[in-house]
Amino acid sequence: MEKLVITGGTPLKGEVTISGAKNAAVAILPATLLVDGICKINNLPNISDVKIYCEILEALGAKITWNGKNEITIDTRNITTTEAPLDLTSKFRASYYIIGALLGRKGSVAVGMPGGCKLGARPIDQHIKGFEALGAEVETTQGKIVAKANKLVGNSIYMDITSVGATINIMLAAVLAKGTTIIDNAAKEPHIVDVANFLNTMGADIRGAGTDTIKIIGKKKLKGNANYSVVPDQIEAGTFMVAAVASKGDIILKNCITKHLECITAKILEVGGQIEDYGDSIRVFCTKRPTKANIKTLPYPGFPTDMQSQMGVLLSIADGTSVISESIWESRFQYTDELKKMGANIIANGKTAIFEGVKELIGSPVYAPDLRAAAALVVAGIIAKGKTEIYNLEYLDRGYENLEEKFRNLGAKIERVTE
Ligand code: EPU
């Protein structure tokens with residue numbers, strides 16, 4: 001078993017380069033199934049979710065060549081089956097994008113029920129509503145989702161809930177449908193815009209991604225032979241920003257889009273951190289103990305739920321009492337039990353948690369309950385007094401490329417040990 005061992009207390013200093021966004025990459029990879037040709041994708045994060053996705057695409061008949069650790073060439077001319085391997089697709093959430101992509105390209109698909117971090121109920125009713133509106137029949141049976149359509153036809157779809165996954169999935173299914181699809185109350189996250197940009201580069205006609213209304217004018221075919229670079233990861237950048245402030249450090253993040261970070265920047269400034277914004281890089285520093293702040297997670301451009309646990313670590317050592325309200329997931333405060341082992345004073349009840357800031361955290365063995373919580377516990381270890389051991393690293397490896405190496409380069413005393 002692997003664990004991270006961190007000796008805390010060093011302020012972070014230096015430069016870090018942000019990787020491509022996990023949640024864009026895991027949608028762009030299946031989107032290549034809509035292309036009858038070859039695509040080159042770079043700035044791809046080298047993480048386990050991406051590697052599993054590549055295995056799924058290969059099982060469907062795609063040919064993948066790694067041109068380096070962050071670039072692949074995918075040839076999707078010869079898709080040989082529409083049945084995705086159940087064991088791989090049920091390992092993570094984003095496997096559901098295979099449904100939209102294969103419905104669009106082949107009119108038929110079977111995948112395992114999507115897995116992923118246990119954050120509470122994760123229904124897919126809005127995805128199914130969208131596929132059905134386009135003319136598909138969808139059945140969930142024996143741990144599988146099976147969808148079929150003789151022909152997909154564009155339609156107007158109003159999303160009852162703002163859902164990242166359903167917005168992308170319906171967009172994928174609609175790209176090759178006959179006629180025009182309108183998605184109203186669409187999600188607006190940067191990775192939705194990135195997937196639309198990728199598909200448009202391949203010849204799709206998607207308008208309005210990043211607003212509440214997305215219009216997709218169906219095309220007969222998408223062509224390949226394009227190069228595409230995945231957008232920088234908003235959440236990885238936010239994780240480093242929080243770590244800089246919590247450790248009273250001074251770091252520069254390179255390869256980021258600071259416009260996407262504004263929801264995080266606003267809270268960094270509120271707790272007393274300082275920012276110098278250069279558009280594609282950002283300096284974050286802090287010279288004093290952070291102060292309290294209240295946070296409510298919301299769909300983009302609100303404060304991202306995927307930054308909630310990292311911010312919770314910062315607020316656990318802030319001066320004063322802070323309240324976090326989680327409005328997206330039912331069960332995203334599991335990390336607070338681990339932080340309490342490190343001396344934090346937190347009362348979490350349902351979707352609200354109260355953080356009574358303590359002066360310092362004390363190192364302890366802790367167990368990551370999900371992906372973002374794992375990153376948050378790394379930040380906690382970096383700022384804690386003494387030694388912290390973090391277990392369940394498979395969560396961390398799903399979504400962060402070389403996190404410990406990046407932190408080590410900023411001065412953190414952190415190493416991976418096999419027990
Ligand atoms: N929802 C429904 N019905 C649906 C779909 C969603 O009720 O058909 C609800 C969910 O239960 C949730 C809310 O709508 O309460 C929002 O869910 P959404 O569909 O937006 O989430 P997702 O697409 O499953 C993506 C990210 C998550 C991130 C959320 C919110 C990917 C692969 N995952 O999940 O990322 O928390 O959006 O921003 O893009 C992570 O990276 O650690 C992670 C969990």
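The values are calculated or read from the model by the stated rules, or taken from the named source; none is laboratory data. Computed from a predicted model, the values in this text were never measured in an experiment. In this analysis, Cβ positions are derived from the backbone assuming ideal geometry, glycine residues included, and neighbour counts consider all displayed protein chains. Accessible surface areas use protein heavy atoms only, side chains included; no ligands, DNA or RNA. Shrake-Rupley method; radii C 1.70, N 1.55, O 1.52, S 1.80 Å.
Just a few scattered comments:
- Relative contact order for the chain: 21 percent, from Cα pairs under 8 Å spaced at least 6 residues apart, divided by residue count.
- Region 8-75-region 83-131 distance, computed between alpha-carbon centres (Å): 19
- In a DSSP loop and with at most 13 other Cβ atoms within 10 Å, the chymotrypsin sites (Phe, Trp or Tyr not before Pro) in region 271-337 are Y278.
- Contour excess over end-to-end distance, with Cα ends at E330 and K63 and 0.36 nm allotted per residue: 92.2 nm
- When the solvent-accessible area of region 22-229 is split by element, carbon and sulfur atoms take up 47 percent of it, the probe being 1.4 Å.
- For the pair D319 and K259 in one chain, pulling the backbone fully straight at 0.36 nm per residue adds 18.8 nm over the alpha carbon distance.
- Distant-in-sequence amide contacts of A348, defined by a placed amide H-H separation under 5 Å and a gap of 5 or more residues or a different chain, comprise I354.
- Whole-percent pair-distance distribution, where bins are 20 Å wide, for the alpha carbons of the chain: 28, 55, 17, 0
- Residues of region 1-18 falling in the label zone of Y278, defined by backbone nitrogen less than 12 Å from a point 7 Å along Cα to beta-carbon, are 15-17.
- Tilt relative to the chain, helix 97-106 - C-alpha long axis, 0 to 90 degrees, to 10: 20
- Rounded to 0.05, the FRET efficiency of the T291 and E405 pair, given R0 = 51 Å and the Cβ-Cβ distance, is 0.95.
- For region 22-229: rounded, prolate or oblate by the Cα gyration tensor [a/c cutoff 1.5]: rounded
- The slack between K220 and T141, meaning 0.36 nm per residue of separation minus the straight C-alpha distance, is 25.3 nm.
- Under 5 Å between amide hydrogens, built in the peptide plane, is the criterion, and for F92 it picks out G115, G116 among residues at least 5 positions away or on other chains.
- Largest GNM mean-square fluctuation among A24, A101, A353, using the chain with Cα springs under 10 Å: A353.
- Protection proxy ranking of 173-180, 249-256 - average other beta-carbon atoms within 10 Å, highest first: 173-180, 249-256
- Estimated FRET transfer efficiency (M1, T213; beta-carbon r; R0 41 Å; 0.05): 0.25
- Dividing the mean sequence gap of close Cα pairs (under 8 Å, 6+ apart) by how many residues region 22-229 holds gives a relative contact order of 21 percent.
- Loop-resident sites, region 96-159, for trypsin sites (Lys or Arg not before Pro), counting at most 10 other Cβ within 10 Å (DSSP): K151
- Cα shape, region 163-257, gyration tensor, a/c 1.5 rule: prolate
- In the chain, the calculated helix contribution to ellipticity at 222 nm averages -9000 deg cm²/dmol per residue, counting -39,500 (n - 2.57) for every DSSP H run with n ≥ 4.
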